[in-house]
Amino acid sequence: MTCHDVLDLVDAIAGGDAEVTPAVRAHVETCPRCAAALASARGIELALAARAAPAAPATFTAAVSARIRRERWSAEQQVDRLFNLAIVAAILLVIGGTLAVVNVGTVINLAAGAWSLVSLFGAQAAGRAETVVTTYVAAAGLLVSALGTWWWAERRLSM
Amino acid sequence: MADFDERLLIERCRTGDDTAFGELVDRYKNLVYGLVYRMIPDRSRTDDLAQDVFLKVHRGLPYFRGEARLSTWIYRIVQNVCVQARSERRPEVPLETDARGQMRGDPGAQDGAFADLETRDRLEKAIQQLPDNYRLLIAAHYLQGVRYEDLADALDIPLGTVKTHLHRAKRRLREILEPEARPRPRIHQPDR
């Protein structure tokens, strides 16, 4: 048996996975290097077995649950923020759209009014101006109801 | 844990049953905690890293197909979490070496001396130099009650491979701790 053969075996022997055969024993007794390797392997085996492996603290499961709850809450907050952003975007869209419609109408109506004045059709111009006022009132109502819905949703979510 | 129990527990967790997930944590917490501590021997980080493992388990459960055992999957998560943690913070103090790259200390100290703290510290540092799969094996094998069969099962590798890898890991440890134990060219190995 050679040193190479024995050195291949020392870790298995130290770990209890291989037996010390008479041939190995005879070699180790006469070879200081292999004897030292076997002693070292046994020392490492003992040290590995003695390594600390602390048990989880008693509060561990509760701490994990708390982190999961925090993570879930954080995800809900994210959804909440997205919802709020969507509401703001929708309101801006409504306002922008309304203003655009109202402005186009206003321009047309003003042009028509001017034309009417020029044409001395006063009554017709007054009628058009009345339509514009109605549009403004409708837009304001829409805006107020959208803001009211937002405020209501916020209150519900924060409860 | 019996496969049936395990499947049932997983199903309950999947339905969002927090109590079931608490049971799962209770069953595996000591294994995970011990493994994490042995992979990253820094007590100040063990709590957080072990909790990270269970957060990943919680997030991943809906996608866990049950092809492997739950413990196999948890071992993998432990390994990934520890590898990531190591890559984020490399050990600041390397293994003590002299100018020739050899370990300091009495070169003849090979047996009983392993009991002292300094040697344990050297051992920990040497373990940190092992490849990740060897480190996990070393960490898991010496946990109380973990048998070769459990490891083979959990890591989804043959029993023989577990033993071979463990022996190689320990040999590598010897070589790190005692450079003179490194293999020499065979021409210098006389027959005895």
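Nothing in this text is a laboratory measurement; each read-out follows from the coordinates by a stated rule. Small disclaimer: the values here were computed from a predicted structure and weren't measured. Using ideal geometry, Cβ is built from the backbone for each residue, glycine included, and neighbour counts are taken over all protein chains shown.
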Charged-residue dipole, Cβ positions (Lys, Arg, Asp, Glu), segment A:3-49 about Cα centre, Debye nearest 20: 180
Counting only other chains, and only Cβ atoms inside 10 Å, what mean value do you get across the residues of A:59-72? 5
Added length on full extension, which subtracts the Cα-Cα distance from 0.36 nm per residue, A:Arg69 to A:Ala89: 4.2 nm
Local electrostatic count at A:Phe83 - Lys and Arg +1, Asp and Glu -1, tallied over other residues with Cβ under 11 Å: -2
Given the options A:Gly105, A:Gly148, A:Gly43, which has the most mean-square fluctuation in a GNM of chain A, springs set between C-alpha atoms less than 10 angstrom apart? A:Gly43
With the 8 Å Cα cutoff and a minimum separation of six or more residues, chain A has a relative contact order in percent of 15
Listing A:Phe60, B:Phe21 by rising number of other beta-carbon atoms within 10 angstrom, fewest first, gives A:Phe60, B:Phe21
With axes computed from alpha carbons, what is the tilt in degrees of helix A:60-118 against the longest principal axis of chain A, rounded to the nearest 10 within 0 to 90? 20
Here the FRET efficiency for B:Asp5 versus B:Glu118, based on Cβ atoms and R0 = 56 Å and rounded to 0.05, is 0.80
Using 1/(1 + (r/R0)^6) with R0 = 22 angstrom and r between the beta carbons of A:Glu19 and B:Ile157, what's the FRET efficiency to the nearest 0.05? 0.35
Once you list every other residue whose beta carbon is under 14 Å from the beta carbon of B:Ala20, what net charge do they have if Lys and Arg are +1 and Asp and Glu are -1? -3
